[in-house]
Amino acid sequence: NVPEDKADKLLLASWGLPKAVLEKYHSLGVVQMFEWQAECLMLGRVLEGKNLVYSAPTSAGKTLVAELLILKRVLETRKKALLILPFVSVAKEKKCYLQ
């Protein structure tokens, strides 16, 4: 569980994302994340680029964790990222979504 003193970490606005990115997520109805998603982001040195392996059911929100990690890393390092998705339909959806 997310400790009470870190409850603000459930809000996307707490993760240092640019205003334009937050506005896009907010327009899609994503303002905060689930506790397990925030826990993933707060584990060890994940935000510093260390590995993270996590498992959750379909449609549980795994992609949001990956997107936040990728966006944060790309914005901080100014390097490119490669996002590998399992299906063409998901890849097309994410292409439109991330543009």
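Data for the structure
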read-out	value
Solvent-accessible surface (1.4 angstrom probe) belonging to Glu93, in square angstrom, nearest 10	120
Diffusion coefficient, µm² s⁻¹, Stokes-Einstein with Kirkwood Rh over alpha-carbon pairs of the chain at 10 °C and 1.306 mPa s	110
Using a Förster distance of 22 Å, the FRET efficiency for Val31-Ala81 (Cβ separation, nearest 0.05)	0.40
Selection from Ala38, Ala60, Val88, by position along the positive dipole direction of the stretch 4-98 (Cβ)	Val88
Spin-label model distance (nm) - Leu98 vs Leu11, 7 Å beyond Cα toward Cβ	2.7
Probe 1.4 Å, protein heavy atoms only - accessible area per residue of the chain in square angstrom	73
Whole-percent carbon and sulfur share, accessible surface of the stretch 24-99, 1.4 Å	58
Helix-derived mean residue ellipticity, 222 nm - over the chain, DSSP H n ≥ 4, -39500 (n - 2.57), to 500	-13500 deg cm²/dmol
Electrostatic dipole magnitude of the chain [Cβ: Lys, Arg +1; Asp, Glu -1; Cα centre; debye, to 20]	600
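The values are calculated or read from the model by the stated rules, or taken from the named source; none is laboratory data. Values in this document were obtained by computation on a predicted structure and should not be read as measured data. Cβ sites come from the backbone with ideal geometry, for glycine too, and all protein chains shown count toward neighbours. In case anyone asks, the SASA skips ligands and DNA or RNA and just uses the protein heavy atoms, side chains included. Shrake-Rupley method; radii C 1.70, N 1.55, O 1.52, S 1.80 Å.
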